[in-house]
1. So Asp130 ticks every box in (1) over 25 Å from Leu48 (Cα atoms); (2) modelled with pLDDT under 95; (3) of a type in the set (D, E, K, R) but one. Which box is left unticked?
2. All but one of (1) of a type outside the set (S, T, N, Q); (2) assigned to a strand (DSSP E or B); (3) over 13 Å from the mean Cα position of the chain (by Cα); (4) more than 24 Å from Arg45 (Cα to Cα) hold for Gly165; state the number of the condition that does not hold.
3. Can you find even one residue in segment 50-63 that is polar (S, T, N, Q), part of a loop (DSSP other than H, G, I, E, B), under 28 Å from Val131 (Cα atoms) and at pLDDT 95 or above?
4. Of everything in segment 146-172 that's under 20 Å from Gly103 (Cα atoms) and small (Gly, Ala, Ser), which residue is surrounded by the fewest Cβ atoms within 10 Å (Cβ to Cβ)?
5. Restricting to segment 104-119, what's the tally of residues that are modelled with pLDDT of 95 or more, loosely packed, with under 15 Cβ neighbours inside 10 Å and aliphatic (A, V, I, L, M)?
6. Quick one: which of Thr138, Thr153, Thr123 is modelled with pLDDT of 90 or more and more than 19 Å from the chain's Cα centre (by Cα)?
7. Sort out which residues of segment 134-143 are surrounded by fewer than 17 Cβ atoms within 10 Å (Cβ to Cβ) and in a strand (DSSP E or B), and write them in order of number.
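The values are calculated or read from the model by the stated rules, or taken from the named source; none is laboratory data. Values in this document were obtained by computation on a predicted structure and should not be read as measured data. So basically every Cβ, Gly included, is an ideal-geometry build from the backbone, and we count neighbours across all protein chains shown.
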Amino acid sequence: MNSPHRALPALLLVFASSSTAFSGQPVLQPEPGTYVFADAKQLDREKLEAAFAKKMTGATLVGAFTIDGKNDGKAPKAERYELGEVKKLKGETWLFTAKMKYGKKDVKVAIPIPLTIKWAGDTPVITMTDVTIPTMGTFTARVLFYGDRYVGTWQHGKVGGHMFGKIEPAKAESKPSKR
């Protein structure tokens with residue numbers, strides 16, 4: 001004799017795979033404008049990389065960072081990264097040229113920084129582990145870029161926290177020339 005409980009998974013599967021629910025709205029169909037995870041094989045990585053390089057070259061990351069255990073009730077501290085050329089070198093290695101300002105640090109000279117970029121579908125993620133940045137120190141970070149925002153975590157020795165902000169596009173006249 002079949003138990004009614006054995007039929008429940010099959011019933012749920014039929015219900016979930018149907019095209020409409022009680023509301024008459026499509027089921028398992030994303031709402032317009034929502035993010036859908038794409039199969040990495042379906043993505044054109046070269047186009048994604050070219051678009052990322054173009055978007056980031058000359059852009060400015062304007063945001064804030066927190067310090068674990070030190071921001072209790074305080075506003076995050078401002079940070080600013082003025083990017084020069086951003087380009088893929090080989091494999092997952094990219095070269096970012098940046099001027100940085102965060103807290104009391106203000107590096108006014110653009111520093112070339114080789115970084116590893118991994119892709120989560122269509123989303124680039126900087127992955128740096130114990131990377132030494134001249135005049136700044138050694139850092140570990142994971143920074144994700146999507147749309148006009150960035151967000152991540154950072155570690156510098158025993159101090160770490162979060163970072164987040166907006167990507168301000170390069171002005172047409174400030175884009176570095178390609179020679």
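1. Status for Asp130: all satisfied but (2).
2. Result: Gly165 fails condition (3) only.
3. As a first pass, look at segment 50-63 and keep what is polar (S, T, N, Q): 57, 60.
With the extra rule that they be part of a loop (DSSP other than H, G, I, E, B), the set shrinks to 57.
Then keep just the ones that are under 28 Å from Val131 (Cα atoms); that gives 57.
Retained after the next criterion (residues that are at pLDDT 95 or above): 57.
Within segment 50-63, one or more residues are polar (S, T, N, Q), part of a loop (DSSP other than H, G, I, E, B), under 28 Å from Val131 (Cα atoms) and at pLDDT 95 or above.
4. Residue satisfying both the conditions and the ranking: Gly157.
5. Selection size over segment 104-119: 0.
6. Numbers: Thr153 fails: more than 19 Å from the chain's Cα centre (by Cα); Thr123 fails: more than 19 Å from the chain's Cα centre (by Cα).
Of the residues listed, the single one that is modelled with pLDDT of 90 or more and more than 19 Å from the chain's Cα centre (by Cα) is Thr138.
7. Pass one, segment 134-143, residues surrounded by fewer than 17 Cβ atoms within 10 Å (Cβ to Cβ): 134-138, 140, 142.
Result: Gly137, Thr138, Thr140, Arg142.
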